[in-house]
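Undergrad: Structure below; questions to follow.
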Amino acid sequence: MTDVVVVGAAGYAGAEITRLVLGHPGMRLVAVSSDSDAGRRVSDLYPALAGCDLAYVPHAQAVTLDADLVMLAVPHTAAMPYVPDVLARGAMVVDASADFRLKDAAQYERWYGVPHSAASLLAGAAYGLPELGREAIAGARLVACPGCYPTAALLAAVPAVEARIASADGVVIDAKSGVSGAGRTPSEATHFPSCNESVSAYKAAGHRHSPEIDQQLSAAAGRSVHATFVPHLLPSTRGLLATVYLRVAEGIDTEAAHAVYADRFAGEPFITVHPLGRMPSTREVCGGNRAHIGVALDEVSGTLVVTCAIDNLVKGTAGQAVQCANLALGFDETAGLTAYGPVV
C-alpha cells in the first residue's frame, strides 16, 4: 500500500482528495492536515466521510511525516515552501496549487505577487493533465496539477490547435464555474445572497490562470500565443463549463472538426466526445472524474465552437490529482476513480 498524506485536507479540494484516497484500492491515508481545523476529526467536519477517524494536524507537522506520497491542496504560494524538503525525504508530491505549473519564475512572480522560492524545481515538474501529457507524468516525482479552468479550456482547445484545423491566434475562452471553485472560505462575492440567481464575469482579461493557459496553448502551437480568457461565477455548488471559440482553417467542415476530437481522445478513460448535435452540461459530469466535450462549427463565421464540461472539484482538482498519482506511481490510471456520479 502507498501511504498518503493530504496537506490542506479541510478545504473543498482537500476534502475531495481525502474522499478519493479513502476509497483507493492501493492507497492508505495516514494523515490529513489543516491549520485552522487542527484537532478536529474529519468525520466531524465532513459527516459524509463518517468512518474516517483521522484528526487534522497542522501543516508543518504533516509534511514531516513518513509517507510515500504527499498531496498538497493548500492555497497558491503556500505549497512551494514544503516541496523541496518533502522531495528530499524521498516522497512523491502531487501539488494541486499553481506553485509549480508555470515554467517561468518571473511569470509566477508577476501573477502571484511573490518570488518563487523553489524555482529550480519548475523545469522538472510534470504538468498534470494526463490526456495532454501522460508520458511526462508517468514516473514523475513532482506533478503540478492544473486548475479547473485550464483543464476544461485546454481539453477543448488543444486538439484543434495541435491538428492545425484552427488558428492558435484569437482563441476566446468563455468559462463558468460553480461557487465551490472559490474555496471553502466565504467572500462577499461568494456569499449566498450575492451569487444566488446571478451569473457574473470576474477578473476579465486578468485572471491568474491566463498565463498557464497561454503556456500550454503555446506548446501545442509551437510558438507563443495568447488566448482571451473570461471566467464567470455560476449560482451552483459545483461544475464547470468552458466554451472555446477558434477560427477554423479553410476547408474544414463540421464532420472533419469533430473527427479530430473523436480521434484525439479515442480510448481515453475519462473523456467522452459527444456526437454531433449534442453539447455537454455540468449536470452529467457531477461527482465524476470525466470531461464531456461537444463540437460545433459555425460555417457562416468560420468559428469552431468546442464546449467542455467537468466537475471542478474532481476532474478539475481532486480526481485529476489522483489520476496523476496513479500514473506517477505505476497504478492503473483509473484506480479509485471509476465510480459513477449521481444521475439526478
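Undergrad: Return the total of residues in segment 23-37 being open to solvent by 50 Å² or more (accessible area, probe 1.4 Å), in contact with a helix residue (DSSP H, G or I) (Cβ under 9 Å, 6 or more places away or on another chain) and under 16 Å from Gly8 (Cβ atoms).
TA: Matching residues across segment 23-37 total 1.
Undergrad: Just one of Val314, Val306, Val285 is of a type in the set (Val, Ile, Thr), farther than 30 Å from Asp253 by Cβ and touching a residue at least 12 places away in the same chain (Cβ under 8 Å); which is it?
TA: Just one listed residue meets the conditions, Val314.
Undergrad: In segment 276-290, which residues are touching a strand residue (DSSP E or B) at 6+ places or on another chain (Cβ under 9 Å) and surrounded by fewer than 19 Cβ atoms within 10 Å (Cβ to Cβ)?
TA: Hits for segment 276-290 are Leu276, Gly277, Arg278, Met279, Ser281, Arg283, Glu284.
Undergrad: Another question about this same structure. Between a first residue in segment 1-21 that is free of Cβ contacts under 8 Å to residues at least 24 places away in the same chain and a second residue that is surrounded by fewer than 24 Cβ atoms within 10 Å (Cβ to Cβ), which pairs have beta carbons less than 6 Å apart while being 6 or more apart in sequence or on different chains?
TA: none
Undergrad: For segment 237-252, what are the residues that are surrounded by fewer than 19 Cβ atoms within 10 Å (Cβ to Cβ), hydrophobic (A, V, I, L, M, F, W, C) and part of a strand (DSSP E or B)?
TA: Matches in segment 237-252: none.
Undergrad: Tell me, which residue of segment 210-236 that is open to solvent by 20 Å² or more (accessible area, probe 1.4 Å) and part of a loop (DSSP other than H, G, I, E, B) is nearest to Lys176 (Cα to Cα)?
TA: The extreme case among them is Leu234.
Each row is one residue, and each column tells you yes or no for (1) more than 18 Å from Pro211 (Cβ to Cβ); (2) open to solvent by less than 10 Å² (accessible area, probe 1.4 Å).
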| site | (1), (2) |
| --- | --- |
| Asp104 | no, no |
| Ser117 | yes, no |
| Gly128 | no, yes |
| Gly133 | no, no |
| Ile137 | yes, yes |
| Arg141 | yes, no |
| Asp169 | no, no |
| Ile173 | no, yes |
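Undergrad: Go through (1) small (Gly, Ala, Ser); (2) modelled with pLDDT of 95 or more; (3) in a loop (DSSP other than H, G, I, E, B); (4) more than 26 Å from Arg247 (Cβ to Cβ) and name the single condition Ser198 misses.
TA: (2)
Undergrad: Do we have any residue at all in segment 72-80 that's in a helix (DSSP H, G or I), open to solvent by 50 Å² or more (accessible area, probe 1.4 Å) and not acidic (Asp, Glu)?
TA: No, every residue in segment 72-80 fails to be in a helix (DSSP H, G or I), open to solvent by 50 Å² or more (accessible area, probe 1.4 Å) and not acidic (Asp, Glu).
Undergrad: While we're here: Can you find a residue that is in contact with a Lys or Arg (Cβ under 8 Å, 6 or more places away or on another chain) and touching a residue at least 40 places away in the same chain (Cβ under 8 Å) anywhere in segment 33-49?
TA: no
Undergrad: Moving to a separate point now. For segment 143-167, how many residues meet the condition of being in a loop (DSSP other than H, G, I, E, B), modelled with pLDDT of 95 or more and surrounded by 23 or more Cβ atoms within 10 Å (Cβ to Cβ)?
TA: Number satisfying all stated conditions: 2.
Undergrad: What number of residues in segment 266-316 are of a type in the set (A, V, I, L, M) and part of a strand (DSSP E or B)?
TA: So the answer is 12.
Undergrad: Out of Glu255, Glu333, which single residue is part of a loop (DSSP other than H, G, I, E, B), out of contact with any Pro (no Cβ under 6 Å at 6 or more places or on another chain) and modelled with pLDDT of 95 or more?
TA: Every option except Glu333 fails the conditions.
Undergrad: Considering Gly139, Gly206, Gly178, Gly183, which residue is in contact with an Asp or Glu (Cβ under 9 Å, 6 or more places away or on another chain) and modelled with pLDDT under 95?
TA: Going through Gly139, Gly206, Gly178, Gly183 in turn, just one is in contact with an Asp or Glu (Cβ under 9 Å, 6 or more places away or on another chain) and modelled with pLDDT under 95: Gly178.
Undergrad: If you don't mind, there's one more thing I want to ask. In the set Val93, Val63, which member is under 22 Å from the mean Cα position of the chain (by Cα) and β-branched (Val, Ile, Thr)?
TA: Val93
Undergrad: I'd like the full set of residues that are out of contact with any Leu (no Cβ under 8 Å at 6 or more places or on another chain), over 25 Å from Ala138 (Cβ atoms) and either without any contact (Cβ under 8 Å) to a residue 12 or more places away in the chain or part of a helix (DSSP H, G or I) (or both), limited to segment 87-118.
TA: Selection gives Ala106, Gln107, Glu109, Arg110, Tyr112, Pro115.
Undergrad: If you don't mind, there's one more thing I want to ask. Looking at Gly330, Gly294, Gly316, can you tell me which residue is open to solvent by 10 Å² or more (accessible area, probe 1.4 Å) and not charged (D, E, K, R)?
TA: Gly330
Undergrad: If the Cβ limit is 7 Å and pairs must be 6+ apart or interchain, which residue in segment 125-147 that is in contact (Cβ under 8 Å) with a residue 12 or more places away in the chain pairs with which residue that is aromatic (Phe, Trp, Tyr) and in a loop (DSSP other than H, G, I, E, B)?
TA: Sorted first by the residue in segment 125-147, then by its partner, the pairs are Ala125/Phe100; Glu131/Phe265; Leu142/Phe100; Ala144/Phe100.
The values are calculated or read from the model by the stated rules, or taken from the named source; none is laboratory data. This is a predicted model, so every value here is computed, not measured. Ideal geometry is used to build each Cβ from the backbone, glycine not excepted, and the neighbour counts take in all protein chains shown. Ligands, DNA and RNA are excluded from the accessible area calculation, which covers all protein heavy atoms including side chains. Shrake-Rupley method; radii C 1.70, N 1.55, O 1.52, S 1.80 Å.
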